[in-house]
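*Asks:* Take this structure, written in C-alpha cells, and hold onto it; I'll ask about it next.
The values are calculated or read from the model by the stated rules, or taken from the named source; none is laboratory data. All of these numbers come straight from a predicted model, not from anything done at the bench. In this analysis, Cβ positions are derived from the backbone assuming ideal geometry, glycine residues included, and neighbour counts consider all displayed protein chains. Note: accessible area is taken over every heavy atom of the protein model, side chains too, but ligands, DNA and RNA are not part of it. Shrake-Rupley method; radii C 1.70, N 1.55, O 1.52, S 1.80 Å.
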Amino acid sequence: MAKEDKQFVTEITSQSEDFSRWYIDVIKKADLMDYSPVRGCIVFKPDGYEIWEHIQQDLDRRFKETGHRNAYFPLFIPESFFQKEKDHVEGFNPELPWVTEAAGEKLEERLAIRPTSETMIGHMYERWIQSYRDLPVLINQWANVVRWEKRTLPFLRTSEFLWQEGHTAHENEAEAREETMKILDIYRDFVENFLAIPVIVGQKTPSEKFAGALDTFSIEAMMKDGRAVQAGTSHYLGTNFAKAFDIKYLNRENVQEFVHTTSWGVSTRLIGALIMVHGDDRGLALPPKVAPKQVMIIPIGPPKTRDEVVGRADELFAQLKKAGIRVGIDDRADVRPGWKFNEYEMRGIPVRLEIGPRDMENGVCVLVSRISGEKKVVQQDQLVEEVTAMLDQVQQEMYDRALAFRESHFYSVDTLDEMKANIEEQRGFTLAGWCGSEACEDAVKQETGATSRNIPFDPQVEKELCLVCGQKANHTVVFARAY
Ligand SMILES: [Zn+2]
C-alpha cells in the first residue's frame, strides 16, 4: 500500500501534454510494473500480473471450449531448426539471443531462446502425426518468449514477454483456414467484450505478415494518441512448416500428404493497449471484467461513528465477495477519504462504494463510477444487484467511449498529400485505397511514418484508387503509426 504523503495524481503528466510520459507515469504510479536490471525487460508487479491472469483465464476458457488443449514446449531451440524455414529465419534472426555455452563448456550447437515456437513444435508434430486419425492437433501454449528489441516500452514492446501461442495441424487447407478465422473471431470477441476495446479485423498485407505465413490476419486497436496496437494475430501457414519439418500424414485414400498448419497469439501487450485505450488524466481506468479489484469500499464519517460504519462496511464487503465480485475495503483511519478517492481512481478501480453514518441510518450507500463520475444512491439490501448492474454499465460505457473515440479519429483520404497533411494535424487511423504494390506501401511509410495495419474485412467504404500512384485500388487499407 502506498504511503499517504505521495501525491500520485498530481504527478501524472496530462495526456495532451505528453502522452508517452503520461503512460509511463500511470503504470508506475498504479504500481503495475517496475524496470528490471536487464534492459528492455520488466517486472510484472502483482496488480499488473493479475490483469494478465484475468486475460489468461478468460481466453483459456474460450480455447478449451473450442477443443484446444494446453501443452508446454522447451524454451531453447536448436539453431538448425531455424535454418529449415527460410522466411522464418530471416524474420527472426536479428532478434534472437543465443546460448553458446553451459556448465562451463561450449555447446556443440547454439541454442536460441524462443521468439516463437513454430520450429520446435513442427519438429514434435512430425513425430506425433502419422495418419488422418491423428488430426486435427489443437494445442496451445502459455509461455514467455524473447525478441531482443532495440526500442522498448513497458508492456507494449519488451524483450521478454508473456503470451499464448496456438499451433494447430489439419488435414487440408479448408480446415486450417477455418481454424485461423475461428481464432481471429475469438480474439475479436474477447478484446471487444472483455477488454472493452473495439478492433478492426482484417488481413495483413504481404510485407506485414508473419515470417513464414501464407496469410496473417490481425485485430488492430486505436490508442488515445491515435496510434495503433496490433492486439492479436492468427496465421494460416499453409504447408510451409509441414514441408520444412516433414510433417506428413497418411490421408483417407492412403496417400502421404503434408498437414496444413496455423499459429496464433496474443501477448502481454494487451495490458499496454488497455491502459492507452481507457486511461485518462486521473490515471488508469480498467474495464470491470479485467480489473483486479472491481469495487473498493471506503467508509467515511467522523471518529465517533467510525466503528459502527466500518462494521457495516465489512458486512457489505462480505456480501459482495460472496457474490463473486472482486471487492476491496480501505478502512484505514489515518488516511483521508479524499485521498483514498483519488488513489483508487488513479488505480482504475471501476466502482467506488462510499458509506457514512447518514447512509447507515437510511439503509443506503453510494456507488461512484470511475469512468463517468456518476453517483448512485442504492439500497443496501439490493447491493449485489446494484453493483452488478453498475459494473455492467461501466463495462459497456468504456467500450462505447473507445468506439466513439475511434470513429472520431478515423479519416478517409484519396491521396498521399492529403494523408500527409492530415496525419500531422490529427491523430488517428487513415483509410485509403492501395494498388497492392510494395513500392506504394513503402512510400506511405517513408512519407508519413504510418504502416499498413490491415485490409479490413468491413472497411465501410471501398476506395477506388491507390493513394500513392493513382492506379486502380485493389484493396482498401487502414494505415496508422503503430506501437
Ligand atoms: Zn499504388
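*Asks:* If you go through the stretch 439-454, how many residues are within 14 Å of the ligand (Cβ to nearest atom) and either part of a strand (DSSP E or B) or hydroxyl-bearing (Ser, Thr, Tyr) (or both)?
*Replies:* Number of matching residues: 1.
*Asks:* Also, quick follow-up: Quick one: in the stretch 342-376, of everything that is of a type in the set (Ser, Thr, Tyr) and open to solvent by 10 Å² or more (accessible area, probe 1.4 Å), which residue is farthest from Leu391 (Cα to Cα)? I'd like the intermediate steps shown before the answer.
*Replies:* Residues of the stretch 342-376 of a type in the set (Ser, Thr, Tyr): 344, 369, 372.
Then drop every residue that is not open to solvent by 10 Å² or more (accessible area, probe 1.4 Å), which leaves 344, 372.
Details: Tyr344: 16, Ser372: 12 Å.
Applying the filter and picking the extreme gives Tyr344.
*Asks:* Then there is this: May I ask you to verify whether Leu284 is within 21 Å of Asp25 (Cβ to Cβ), assigned by TED's automatic domain parsing to the domain that holds Asp58, modelled with pLDDT of 95 or more and open to solvent by less than 20 Å² (accessible area, probe 1.4 Å)? Don't jump to the end; show me each part of the working.
*Replies:* Values: within 21 Å of Asp25 (Cβ to Cβ): yes; assigned by TED's automatic domain parsing to the domain that holds Asp58: no; modelled with pLDDT of 95 or more: yes; open to solvent by less than 20 Å² (accessible area, probe 1.4 Å): yes.
Judged against the criteria, Leu284 is not a match.
*Asks:* Pro459 fails exactly one of the following numbered conditions: (1) closer than 28 Å to Ala196 by Cβ; (2) more than 16 Å from the ligand (Cβ to nearest atom); (3) open to solvent by less than 70 Å² (accessible area, probe 1.4 Å); (4) not in a loop (DSSP other than H, G, I, E, B). What is the number of that condition?
*Replies:* (4)
*Asks:* Condition first: surrounded by fewer than 17 Cβ atoms within 10 Å (Cβ to Cβ) and free of Cβ contacts under 8 Å to residues at least 40 places away in the same chain. Now tell me which residues in the stretch 107-165 satisfy that.
*Replies:* Result: Leu107, Glu108, Glu109, Arg127, Trp128, Arg133, Lys150, Arg151.
*Asks:* In addition: Could you identify the single residue in Gly470, Gly436 that is part of a loop (DSSP other than H, G, I, E, B), open to solvent by less than 50 Å² (accessible area, probe 1.4 Å) and in contact with a His (Cβ under 7 Å, 6 or more places away or on another chain)?
*Replies:* One residue alone meets the criteria, Gly436.
*Asks:* With within 22 Å of Glu345 (Cα to Cα), surrounded by 14 or more Cβ atoms within 10 Å (Cβ to Cβ) and of a type in the set (Lys, Arg) as the only criterion, which of Arg401, Arg406 stands out?
*Replies:* Unique residue meeting the criteria: Arg401.
*Asks:* If you don't mind, another one. Would you please list the contacts, defined by Cβ atoms under 9 Å and residues six or more apart or on different chains, that run from a residue in the stretch 437-448 that is at negative phi to a residue that is near the ligand (Cβ under 10 Å from one of its atoms) and open to solvent by 70 Å² or more (accessible area, probe 1.4 Å)?
*Replies:* Taking only residues 6 or more apart or on different chains, the pairs are Ser437/Gln471; Cys440/Gln471.
*Asks:* Follow-up question, since we're still on this one. Does Leu135 satisfy being at pLDDT 95 or above and either within 30 Å of Ser20 (Cβ to Cβ) or of a type outside the set (Ser, Thr, Tyr) (or both)?
*Replies:* Criteria met by Leu135.
*Asks:* Is there a residue being under 21 Å from Leu237 (Cα atoms), of a type in the set (D, E, K, R), loosely packed, with under 13 Cβ neighbours inside 10 Å and modelled with pLDDT of 95 or more anywhere in the stretch 68-75?
*Replies:* Within the stretch 68-75 (the criterion being under 21 Å from Leu237 (Cα atoms), of a type in the set (D, E, K, R), loosely packed, with under 13 Cβ neighbours inside 10 Å and modelled with pLDDT of 95 or more), the answer is yes, since at least one residue qualifies.
*Asks:* Residues in the stretch 287-316 that are in contact with a strand residue (DSSP E or B) (Cβ under 8 Å, 6 or more places away or on another chain), open to solvent by 50 Å² or more (accessible area, probe 1.4 Å) and not acidic (Asp, Glu): how many?
*Replies:* So the answer is 3.
*Asks:* Assuming Leu465 fulfils every condition listed in (1) closer than 21 Å to Ala273 by Cβ; (2) open to solvent by 60 Å² or more (accessible area, probe 1.4 Å); (3) within 16 Å of the ligand (Cβ to nearest atom) apart from one, which condition is it?
*Replies:* (1)
*Asks:* Filter the stretch 29-54 down to residues that are in contact with a strand residue (DSSP E or B) (Cβ under 8 Å, 6 or more places away or on another chain) and in a helix (DSSP H, G or I) and give me whichever is farthest from Gly232 (Cα to Cα).
*Replies:* The residue in question is Lys29.
*Asks:* For the stretch 295-411, give me every one of the strands (runs of 3 or more DSSP E) that falls completely inside it and has 3 or more residues that are under 30 Å from the mean Cα position of the chain (by Cα).
*Replies:* 295-299, 327-329, 351-355, 364-369
*Asks:* If I filter the stretch 377-397 down to residues being among the acidic types (Asp, Glu) and out of contact with any Leu (no Cβ under 8 Å at 6 or more places or on another chain), which single residue comes out as least open to solvent (accessible area, probe 1.4 Å)?
*Replies:* Within the stretch 377-397, the match that is least open to solvent (accessible area, probe 1.4 Å) is Glu397.
*Asks:* Tally the residues that are in contact with a Cys (Cβ under 7 Å, 6 or more places away or on another chain) and farther than 13 Å from Thr415 by Cβ, restricting the search to the stretch 450-483.
*Replies:* Total meeting the criteria: 2.
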